[in-house]
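Data block below; observations after.
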Amino acid sequence: MATPSPSLPLPTTGPERILVVGGGGRENALGWALARCPGVQRVWVAPGNGGTAELAGCEQLPIADTNHPGLITACEELDVDLVVVGPEAPLAAGLADRLRAEGLTVFGPGADGAQLEASKHWAKALMQEAGVPTAGYWPATSLEQALAVLDQQNRPLVVKADGLAAGKGVTVADTVAETRAAIEEVFDGRFGAAGTALVLEERLSGPEVSVFALCDGSSLVLLPPAQDHKRIGEGDTGPNTGGMGAYAPAPLLDAAGLEQTRQLVLEPIVRALQGRGIDYRGVIYAGLMLTPSGPQVIEFNCRFGDPECETLMPLLGPELAQVLAACARGQLATAPPLSIQPGCSACVIAAAAGYPGEVRQGDLITSSLHANATLQLFHAGSRRDGDSQCHTAGGRVLAVVAQADDFDSAFERAYGGLAQVQFEGMTYRRDIGHQVRRR
Ligand code: AMP
Ligand code: GLY
């Protein structure tokens, strides 16, 4: 892989004033992890949420991630020297490009690279070009075209709306009739602009694992693999959610498996991005399925997973701020190695009643949880009214995360923390990490 030119100026210190863009649990976890890096003086999270200001070293900045001019002005006024963009929507909308055009140092790909997540068809074509293992696929831009593929295949297929659909654009059909219904639903306009095209895919099977790579445009740093729980119900049943909990490092992918993922998936995709002239500086998130014939990429995302981010951040060392800044500058080789703490991290999500459907909102959140070195509380869908009380304001409300030497102890600690948090209708899965727990 290309290494940065030695003639580039080397950063002598890490960033001191950091803006994290986004308002979920992921962004609070990023803010918390960056604020504890030596040399970091201030961290703002925009727009943040009800829990942001409670995190040591973090301040909430009430600017929406769609307000690009507002964010640019804030960066100038606050003398921000690193911006970390959390969610996919502002990345796909070109926020990183706008900020870079102002001379800011930004961790997060431009709109070109964000197509990795924002267009399933674009991503599949790139994977094919790069020789990355992935399910066979057929793109379609009309109902007739999609139904013609289905008639010809005459087997159940996976139906994916092409654009960003907040995790709801995928149907894994069990029958041809279900496949047909899902195709019709996409072209009925259920997904708005995301549903003017789709991708049909072969259905694969196997356990899933998420791999995150920090990329500076050419070089990569891989984080420990994580596994999340997408379904709402215990035993991995019921409708899909954004993720009800996670754990890391996922033993499913050992050191050799991670190295294989680097060589088969991540390095080829970075070369393919470079081949298209894309200087990708941010997270490459590979959602893998470990099939009997080896790892296959189910999807790429252009950001950290949520709740995988909350799970991983406590395992990352104090070099994180310098490493993200070095990625943002295209100079990963100048950063210190990112240390990874030994041990296990466990994350459990507390959601509002009704999630992932219509949810109750505005319920008072009370907590007697005292965060410590191995226990964290990250808010997601919460809002603070005035300066005092915090209320629910979304589907996934809180993430409780804990670390220990083994998964049993880490989950015991996380569930113990969760028992100290209450709100009306609080819903959570008791079996997060069932694959790695013995009790
Ligand atoms: P997404 O909403 O893009 O995260 O995808 C939702 C889920 O659909 C993935 O986590 C997989 O469980 C499943 N999925 C996506 N593509 C396939 C595929 N080709 N075969 C089987 N399952 C799939
Ligand atoms: N936890 C899955 C995601 O962030 O897409």
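The values are calculated or read from the model by the stated rules, or taken from the named source; none is laboratory data. Here the structure is a predicted model, which is why all the values come from computation and not from measurement. Reconstructed Cβ throughout: ideal geometry from the backbone, glycine too, with neighbour counts over all protein chains shown. When the accessible area is computed, the model is the full protein with side chains, heavy atoms only, and any ligands, DNA or RNA have been set aside. Shrake-Rupley method; radii C 1.70, N 1.55, O 1.52, S 1.80 Å.
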task: Determine how large the accessible area of Leu164 is when every protein chain is in place; take a 1.4 Å probe and give Å² rounded to the nearest 10.
output: 60
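Roll a 1.4 angstrom probe over the protein heavy atoms and tell me the percent of accessible area of segment 126-200 that is carbon or sulfur. Don't skip to the end; give the middle numbers.
Values: 1770 of 3530 Å².
Here carbon and sulfur together make up 50 percent of the probe-accessible area.
Counting heavy atoms of the protein chains only and a 1.4 Å probe, report the per residue accessible area for segment 192-251 as a whole number of Å².
Working: 1830 Å² over 60 residues.
On a per-residue basis, 31 Å².
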statement: Per-residue ellipticity at 222 nm attributable to helices in the chain (runs of n ≥ 4 DSSP H, -39500 (n - 2.57) apiece, nearest 500 deg cm²/dmol) works out to -7500 deg cm²/dmol
- prompt: How big is the antiparallel share of DSSP beta bridges in the chain, given as a percent to the nearest 5?
  reply: 80
- prompt: Kirkwood Rh over Cα pairs of segment 1-124 into Stokes-Einstein at 37 °C, 0.692 mPa s: D in µm²/s?
  reply: 217
query: Tally Lys/Arg at +1 and Asp/Glu at -1 over every other residue whose Cβ is under 10 Å from the Cβ of Val199; what's the total?
result: +1
message: Could you compute how much accessible surface Asp81 exposes when probed at 1.4 Å, giving the result in Å² to the nearest 10?
response: 50
task: Straight distance only, please: which lysines reach the Cα of Lys124 with their own Cα at less than 19 Å, same-chain residues fewer than 8 apart left out?
output: Lys160, Lys168
Probe 1.4 Å, all protein chains present, accessible-area order of His434, His379, largest first: His434, His379
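Excluding Gly362 itself, what net charge comes from residues whose Cβ is under 12 Å from its Cβ, given Lys and Arg +1 and Asp and Glu -1? Walk me through the numbers on the way to the answer.
Numbers: positive: Arg360, Arg383; negative: Asp363, Asp385, Glu424.
Value of the local net charge: -1.
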Dipole of segment 271-334, positive end: most advanced residue of Pro292, Leu315, Gly275 [Cβ charges, Cα centre]: Gly275
- prompt: Given the C-alpha centroids of segment 329-363 and segment 252-310, what is the distance between them in whole angstrom?
  reply: 18
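At a threshold of 8 angstrom on Cα-Cα distance, excluding pairs fewer than six apart, so keeping six or more, what relative contact order does the chain reach in percent? Intermediate values should be presented prior to the final figure.
Working: 1054 pairs, mean separation 73.7, N = 439.
Dividing the mean separation by the residue count of the chain yields 17 percent.
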field: Phi to ³J(HN,Hα) by Karplus 6.51 cos²θ - 1.76 cosθ + 1.60 over segment 175-186, Hz, x for Gly, Pro
entry: 9, 5, 4, 5, 4, 4, 4, 5, 4, 4, 5, 4
message: How far apart, in nanometres, would the label points at Gln422 and Ser205 be if each is projected 7 angstrom from Cα along the Cα-to-Cβ direction?
response: 4.5
task: Amide H neighbours of Arg281 under 5 Å, at least 5 residues apart or on other chains, H built in the peptide plane: list them.
output: Gly108, Gly110
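Report the equivalent ellipsoid semi-axes for segment 337-439 in whole Å, largest first, defined as the square roots of five times the eigenvalues of the gyration tensor built from alpha carbon atoms.
Numbers: eigenvalues 134, 51, 28 Å².
Its equivalent ellipsoid spans semi-axes of 26, 16, 12 Å.
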- prompt: Can you pull the accessible area of Ile340 for me, 1.4 Å probe, Å² to the nearest 10?
  reply: 70
task: Give me the net charge of Glu308's neighbourhood, meaning all other residues with Cβ under 10 Å from the Cβ of Glu308; Lys, Arg count +1, Asp, Glu -1.
output: -2
- prompt: For the residue pair Gln152 and Glu178, what label-to-label distance in nm results when each label sits 7 Å from Cα along the Cα-to-beta-carbon direction?
  reply: 2.4
field: Per residue accessible area in Å² of segment 264-365, where ligands, DNA and RNA are left out and the probe is 1.4 Å
entry: 31
message: Show me, for segment 115-121, the HN-Hα J-couplings you get by feeding each phi into the Karplus relation (A = 6.51, B = -1.76, C = 1.60, θ = phi - 60°), rounded to Hz, glycine and proline as x.
response: 4, 3, 9, 7, 9, 4, 5
query: When the Cα centres of segment 138-166 and segment 73-96 are compared, how far apart do they sit, in Å?
result: 35
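Which trypsin sites (Lys or Arg not before Pro) does segment 263-348 hold that lie in a coil by DSSP with at most 16 other beta carbons within 10 Å? Could you put the intermediate results ahead of the total?
Working: sites: Arg271, Arg276, Arg281, Arg303, Arg329; in loops: Arg276, Arg303.
Sites meeting the loop and neighbour criteria: Arg276.
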